[in-house]
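The values are calculated or read from the model by the stated rules, or taken from the named source; none is laboratory data. Note that the structure is predicted; figures quoted are calculated from it, not measured. Cβ placement follows ideal geometry from the backbone for every residue including glycine, while neighbour counts extend to all protein chains displayed.
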Amino acid sequence: MLLSDRIRKVRESYGLTQTDVAESLNISPSTYGQMERNANRSSHETLSRISSAIGVSLLFLLDTENENYKECKNSL
């Protein structure tokens, strides 16, 4: 699976639109859409910001082979 597909599927599984994520990043929805589509060429910082906006860890977001689209969060 491509990273851009993974980001979209994770975002959608949390019920977030591109506009929701863009607002949390203080950017336009079109800019976020471009970031999501070009994720394979994004910097670590950009991917980190996206993962924070979606509410998942960067490692979970980058795990493109993981078929789960919601992160299991352990509460200790």
Of everything in the stretch 26-58 that's surrounded by 17 or more Cβ atoms within 10 Å (Cβ to Cβ) and hydrophobic (A, V, I, L, M, F, W, C), which residue is farthest from K73 (Cα to Cα)? M35
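For the structure I just gave you, tell me whether S28 is polar (S, T, N, Q) and modelled with pLDDT of 95 or more. Full working, then the answer.
Numbers: polar (S, T, N, Q): yes; modelled with pLDDT of 95 or more: yes.
Yes.
Give the stretch 10-34 a look and list any residue that's among the hydroxyl-bearing types (S, T, Y) and either within 23 Å of N66 (Cα to Cα) or within 13 Å of the chain's Cα centre (by Cα) (or both), or say none. Give the steps one after another, and end with the answer.
Within the stretch 10-34, the subset among the hydroxyl-bearing types (S, T, Y) is 13-14, 17, 19, 24, 28, 30-32.
S13, Y14, T17, T19, S24, Y32 - these are the residues of the stretch 10-34 that are among the hydroxyl-bearing types (S, T, Y) and either within 23 Å of N66 (Cα to Cα) or within 13 Å of the chain's Cα centre (by Cα) (or both).
Please go through the stretch 34-56 and pick out each residue that is within 16 Å of K9 (Cβ to Cβ) and in contact (Cβ under 8 Å) with a residue 12 or more places away in the chain. Steps first, answer last, please.
Filtering the stretch 34-56 down to residues within 16 Å of K9 (Cβ to Cβ) leaves 35-37, 39-40, 47, 50-51, 53-56.
Matches in the stretch 34-56: M35, E36, R37, A39, N40, L47, I50, A53, I54, G55, V56.
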Check every one of the helices (runs of 4 or more DSSP H) wholly within the chain and list those with 2 or more residues that are in contact with a Lys or Arg (Cβ under 7 Å, 6 or more places away or on another chain). 3-13, 18-25
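Among E71, E65, E12, which is acidic (D, E) and surrounded by 16 or more Cβ atoms within 10 Å (Cβ to Cβ)?
Details: E65 fails: surrounded by 16 or more Cβ atoms within 10 Å (Cβ to Cβ); E12 fails: surrounded by 16 or more Cβ atoms within 10 Å (Cβ to Cβ).
It is E71.
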